[in-house]
């Protein structure tokens, strides 16, 4: 079957348009790849915008060169194969180079952008090979040359995500182990709890109460250390709640590595240590986690009698996170399933999540909250790491919620939840 010259020209123009984003973005990543991988925003569109803002001159130059090559190919049909080869080859080469760079400092969002770049160039080359000559059947058979790279690309993407899983989820992990050498609150103390892998590192700030009172086990996010939240949790301590901040194994000089087994053991041992303190009412121990730490807090409810659970900017499950990046759930080596843990848990649960969160999508936070009827869910007008949990959280909202659920004794000056706009606070029935 033959195509008219007008149809062939139109399809060739379409292939040219499809090629330019792939060539421009791929070539820009080739030249500036290390800077992109280490410094770009942590969202797919953020990476696109960042690439466009900082690499626009280079991208335009590459696109112009590609445009000239493809136009020449359009004017001289005998050279179209050369134009296709240049477009596809450049995208493949740049993608492979940046994949190698990404193995050192990896972010799945950057790989997603590279997949887009490579796919657009491959699609462009495929259209050129099929529609720019006569003999459709013969040209379709030639598409095998373009199908094979695509078949290789996804397994490569999945393989890197699987092999670099620990680095992606726990980027602050280091094999260097050292003592905590930072200024510490005067009333707190560093705790080293013996474990099978060495010691669990934690920091304890007891509340000054006349009798045994409530306490919180707090697990931070994956880019933090326990010292980053010394002052953050201080309002809770001043309000009569002791706080034990647990360090992830392998973080900031702590022993071992952040395997699922080590994290669960660390949380359990931290709970046991906290429950043994004379100033702590072990029937009022609360688990609280932020971001990746929410998985550790939720998992603790499976192994110890936790009085209440607080999850801040937490995901529904790591399998859902994998699906968000177009990956199958069976690749996940960390079985943090917060929806399942929350459903099994019989105590009260409090959730907060940023409506503009691009690291852990807001929809996953909603899914998690909806899995627990009767829970309280507060939607914040912020993103993920831009959600600064200021004193309104630990001075007002958390103490008020703990008081309403019988964990913290009510005080006359205790703020009520009504201080939050009704549109921002929801109770799931």
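Bear in mind that the values in this text are calculations on the coordinates, not laboratory data. Because the structure is a prediction, the values reported are computed rather than measured. FYI the Cβ positions are ideal-geometry reconstructions off the backbone, even for glycines, and counts take in every protein chain you see.
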For the stretch 182-205 versus the stretch 260-323, the gap between their alpha-carbon centres in whole angstrom: 17 Å
Output row, site residue 166, 7 Å Cα→C-beta label point, backbone N cut-off 17 Å, window the stretch 249-281, residues 249-266
Cα-projected label distance for residue 330 with residue 405, points at 7 Å along beta-carbon direction, nm: 3.7 nm
For the stretch 189-427, one quarter of the surface area of the C-alpha convex hull, expressed in nm², comes to 12.2 nm²
So for each of 290-302, 196-208, 170-182 I average, over its residues, the number of other beta carbons within 10 Å; can you give me the resulting order with the highest mean first? 290-302, 196-208, 170-182
How much length would be gained if the chain were fully extended between residue 278 and residue 344, taking 0.36 nm per residue of separation minus their Cα-Cα distance, in nm to one decimal? 20.8 nm
Segments 253-265, 373-385 sorted - mean Cβ within 10 Å per residue, highest first: 253-265, 373-385
